[in-house]
């Protein structure tokens, strides 16, 4: 948050340490589309002459039911309830004048639903408050007398090839001329950690997390019709794993795959990416890449790299692209930042509980930080309360083309959610908060229809109360 309190997040946390410790201990235990109306036909020549012509099928016309009106044509709030079904919709005015209602519309606001990616709002809000918008992730590099290069990761969520190229340039400036072996220390995160919701598929949204992870723990390549493999982009090296996956991939095109083999394979591939950038910079490597290593406790840092992206920019990026990997990197790093390494789910949950307690909110049990876990559930009112807390940082949300909506979507199989703010024309500092939670089949496109109805109701005219 960008208040005086949040700018002093560190000092505020120190005062909360006793409560945090208790919480940590607890955390460990604890329309159908309607058919078109029938159109009257022009009278036929036979009808005009008074004659009739009936076929056997026309003798008895089947009775047809009247067409149901579309949900959008129904009166308020029946239009909303018809679309939402068993889902939830809530609109809140946290800037209501005295005597005016805060909840402008509430439907199933106390039922629990799987939130999917709108959970990123919760994780990002806690990170910005506790770490601060200017926080930058670090990565340490150690160099031995034998030219062994150690890489010590701390969970940087945006350690992409462009960033690695900058690191190599800085290492050269500091005198690095060659490398024998690369040792990777990933111990800031729990060994082989896999958060709930990661289903080990090839989809990039399913990537493993690790303290040192390059290119979101994915590989990318281009393959032509003749089977020739090349880089997907000039700055992304082809690693041995990328070439292996390319050989297994049929068809032509540009492909991006999650490294689903194992966390160890992801760690090794990150080392291979860094090795490739060393080679491109003219820095030969003679030895091998060794993963699962622990750097000496007493060590001299050759170079400490701080991410080019401050946390606020990283959050805006992950919200725009709904990047699960980046969100869970931040989620895990939060736990290690305040309870010490290694990062794990219990420590991250403890930090989140401190965030909830700080604002007088009911705790949410989180299986991960990104919303992939279907074990995580919340109510529309819980989500609206969190939106009230993070409102000062709402510009990290994606803005609609008409400029009136700042929102985050959530999408998984049978789950469609949307949460954010409606900015009233002429009153950008008095936004309305809204939450749409739809769990179940047949909701494709429904959340956007509901959002359009909310905009028509609350932005086109002065807000009025209405509970359903």
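Observations, loosely collected:
- For the range 296-316, a residue qualifies if it is in contact with a strand residue (DSSP E or B) (Cβ under 9 Å, 6 or more places away or on another chain) and modelled with pLDDT under 95, and the qualifying residues are 296, 299, 300.
- Selected residue (only one of 187, 213 is surrounded by fewer than 22 Cβ atoms within 10 Å (Cβ to Cβ), outside the structural domain of residue 348 (by TED's automatic domain parsing) and modelled with pLDDT of 95 or more): 187
- Every residue from the range 432-457 that is more than 26 Å from the chain's Cα centre (by Cα) and buried (at least 20 other Cβ atoms within 10 Å of the Cβ): 457
- Which listed residue, of 402, 429, is surrounded by fewer than 17 Cβ atoms within 10 Å (Cβ to Cβ), in the same structural domain as residue 337 (by TED's automatic domain parsing) and part of a strand (DSSP E or B): 429
- Selection status of residue 353, closer than 30 Å to residue 409 by Cβ and surrounded by fewer than 20 Cβ atoms within 10 Å (Cβ to Cβ): no
- Scanning the range 86-101 for residues that are assigned to a loop (DSSP other than H, G, I, E, B) and surrounded by 14 or more Cβ atoms within 10 Å (Cβ to Cβ) returns 87, 93, 94, 95, 96, 101.
- Selection within the range 233-253 - surrounded by fewer than 18 Cβ atoms within 10 Å (Cβ to Cβ) and over 15 Å from residue 271 (Cα atoms): 233, 234, 235, 243, 244, 247, 248, 249, 250, 251, 252, 253
- Scope the range 377-391; condition over 13 Å from residue 437 (Cα atoms) and in contact with a helix residue (DSSP H, G or I) (Cβ under 8 Å, 6 or more places away or on another chain); matching residues: 386, 387, 389, 390
- Residues of the range 149-188 classified as farther than 22 Å from residue 266 by Cβ and assigned to a loop (DSSP other than H, G, I, E, B), total: 6
- Just one of the listed residues (335, 360, 420, 369) is assigned to a loop (DSSP other than H, G, I, E, B) and either touching a strand residue (DSSP E or B) at 6+ places or on another chain (Cβ under 9 Å) or surrounded by 23 or more Cβ atoms within 10 Å (Cβ to Cβ) (or both), namely 369.
- Just so you know, in the range 338-349 the residues that are part of a helix (DSSP H, G or I) and either modelled with pLDDT under 95 or more than 20 Å from residue 158 (Cβ to Cβ) (or both) include one that is farthest from the chain's Cα centre (by Cα), and it is 339.
- Inspection of the range 439-460 finds a residue satisfying the criterion of being part of a strand (DSSP E or B) and on the phi < 0 side of the Ramachandran plot.
The values are calculated or read from the model by the stated rules, or taken from the named source; none is laboratory data. Small disclaimer: the values here were computed from a predicted structure and weren't measured. Positions of Cβ are generated from backbone atoms using ideal geometry, with glycine treated the same way; all protein chains shown enter the neighbour counts.
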